[in-house]
Amino acid sequence: MKNIDISFITINYNSSDLTIKLVNSIILQTIGLDFEIIIVDNASQNEDFQNLHNNLSQINQVKIIKNRINSGFASGNMLGVNYASGKYYFFINNDCVLLNNSAKIFKDFLENNKNVGLVTGKVLDENGNFSSSYKQ
């Protein structure tokens, strides 16, 4: 079995079009790593789940986990961890897209800085301006 460097983990809840865009950006931008994409569907409506399944299930790196209940963001991510095989977890909201090979940048930084346990990226809004990763 192949060693997985990065497990991308994201939550989908009735927003499959955003999740599909995210997955496409991960595939396009992630170079030089073995990766998987874990999508936890948090009890979306059937039409939304079918959109995910129809557009992403044929991609080898993608695992879609259907949660029977909407267990919330944190619990959904932890459910994704249960299915992940990667050395590192890359938690990402499904309304994001990768603009560069951030997973490789993060992995290289972690590998070269053993005293670091967590990294995060710069978040930009739709206009390319800095945006915080949290909202009040």
inquiry  = I'd like to know if the stretch 113-123 contains one or more residues that are under 15 Å from the mean Cα position of the chain (by Cα), modelled with pLDDT of 95 or more and of a type in the set (Gly, Ala, Ser).
reply    = no
request  = Of all residues in the stretch 91-136, count the ones that are open to solvent by less than 50 Å² (accessible area, probe 1.4 Å) and under 18 Å from residue 7 (Cα atoms).
outcome  = 12
inquiry  = Pairs please, first residue from the stretch 100-113 and of a type in the set (Phe, Trp, Tyr), second anywhere and open to solvent by less than 60 Å² (accessible area, probe 1.4 Å), Cβ atoms under 6 Å, 6+ apart in sequence or on different chains.
reply    = 106/119; 109/119
key: Residue under evaluation residue 110, criteria (1) of a type outside the set (S, T, N, Q); (2) within 13 Å of the chain's Cα centre (by Cα); (3) closer than 19 Å to residue 36 by Cβ, criterion not met   = (2)
Qualifying helices (runs of 4 or more DSSP H) (wholly inside the stretch 10-97; at least 3 residues being touching a residue at least 40 places away in the same chain (Cβ under 8 Å) and on the phi < 0 side of the Ramachandran plot) = 16-29, 73-83
key: Members of the stretch 66-90 found to be more than 13 Å from residue 7 (Cβ to Cβ) and of a type in the set (A, V, I, L, M, F, W, C), listed by number   = 69, 73, 74
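The values are calculated or read from the model by the stated rules, or taken from the named source; none is laboratory data. Keep in mind that this is a model prediction, so the values were computed, not measured. As a convention, Cβ positions derive from the backbone with ideal geometry for all residues, glycine included, and neighbour counts pool all protein chains shown. These area figures cover heavy atoms from the full protein model, side chains too; ligands, DNA and RNA do not enter into them. Shrake-Rupley method; radii C 1.70, N 1.55, O 1.52, S 1.80 Å.
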